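Here is the structure we will look at, set down as structure tokens.
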């Protein structure tokens, strides 16, 4: 199966947040090199960080989802119930 790296991360937390965002949108994705980074953070520059990967068919959609800024989104009280 062919995959495309759409993002790289220095921390496992940031990588998992982005992966969770894509999975919530129904996009299959994977993290590469996450376990190596967990062993020793000094490996980050050597291997290029944790890579978020998707299939080439959904790469543009996945990138658009991750590029969306929700910081000014206003929610009503009903949105939390």
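Contact order for the chain, expressed relative to its length and based on alpha carbon pairs under 8 Å spaced 6+ residues apart, stands at 39 percent. Computed extension gain for residue 64 through residue 41, at 0.36 nm per residue and net of the alpha carbon distance, reaches 5.4 nm.
Label positions at residue 75 and residue 3, each projected 7 Å from the Cα along the C-beta direction, are separated by 3.0 nm. Rounded to the nearest 10 degrees, the angle from helix 12-24 to the longest Cα principal axis of the chain is 50 degrees. Exposure proxy ranking for 18, 71, 55, based on other Cβ atoms within 10 angstrom of each Cβ and starting from the fewest, stands as 71, 55, 18.
Computed across the chain, the Kirkwood radius stands at 13.9 Å (inverse of mean 1/r, all Cα pairs).
Each reported figure results from applying straightforward, stated rules to the coordinates on display, with no laboratory input. Note that the structure is a prediction, hence the values are computed from the model and not measured. Counting neighbours? That spans all protein chains shown, and the Cβs are built from the backbone with ideal geometry, glycine included.
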